[in-house]
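Report on the structure given below.
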Amino acid sequence: MAEARHLVRTVAPVPQRAAAIEAALKSHGLVNDEAIAQSVHNAEDVWLPERGARVVARAWVDEAFRQRLRANGRDAVRELGIELPKHHRHLVALENTATVHNVICCTLCSCTAFTVIGLPPDWYKDLEYRSRIVRESRTVLREMGLELPPEMEVRVWDTTADTRYMVIPERPAHTAGWSEEQLAAIVTKDAMIGVARL
């Protein structure tokens, strides 16, 4: 009788997997070195949460901009020099208030409005967050350090193929009179995803 062999499944390190994907795309003529370099540059130097923080700060100080952002987020962020990919047909700005808290997720994968709020954190991509936030949002938020009062309504928004969301946090009362730059400095990626309040 043949000896039973146990297969050990190993996962290659991220750099090795990335290199394999890059090689496969290049072999099929789908990308070149210039496109890869541009993508790396965008991810590391352009698609940063500071862009979204500028959007939030502008919405806090400019009521007309806030209204345009609520009506058509894609066009409003373009005013600040932020372009969304063509397949992000809609950008919906969700406003937190004293009685409503919004949180976003992508139950299928890890989609976000990355050109506005930055690339998604690792926990956002995790199956546990993606599945639990829609079923037990208060518990997940509490586990992440955000305790909401029981009377506050929690709304969970699931990203789709063409619609991306960003949360406009409630402006802290103590920031009256602050400049737009000062306001932008306190806005975090977690607040724009909705797992934190400022």
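The values are calculated or read from the model by the stated rules, or taken from the named source; none is laboratory data. A quick note: this is a predicted structure, and the numbers were derived from the prediction, not measured. As a convention, Cβ positions derive from the backbone with ideal geometry for all residues, glycine included, and neighbour counts pool all protein chains shown.
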- Query: Can you tell me which of ALA184, ALA161 is farther than 24 Å from ASP122 by Cβ, of a type in the set (Gly, Ala, Ser) and touching a residue at least 60 places away in the same chain (Cβ under 8 Å)?
  - Reply: ALA184
- Of (1) assigned to a loop (DSSP other than H, G, I, E, B); (2) more than 24 Å from the chain's Cα centre (by Cα); (3) not basic (Lys, Arg), LEU84 satisfies all except one. Which? (2)
- Contact list, first residue from the stretch 59-72 and in contact (Cβ under 8 Å) with a residue 24 or more places away in the chain and at positive phi, second anywhere and among the polar types (S, T, N, Q) and part of a helix (DSSP H, G or I), beta-carbon distance below 8 Å, six or more apart or interchain, is none
- Which of the residues spanning the stretch 78-134 are within 18 Å of ARG155 (Cα to Cα) and among the hydroxyl-bearing types (Ser, Thr, Tyr)? THR97, THR99, THR107, THR112, TYR124, TYR129, SER131
- Return yes or no: is PHE114 at pLDDT below 95 and among the aromatic types (Phe, Trp, Tyr)? yes
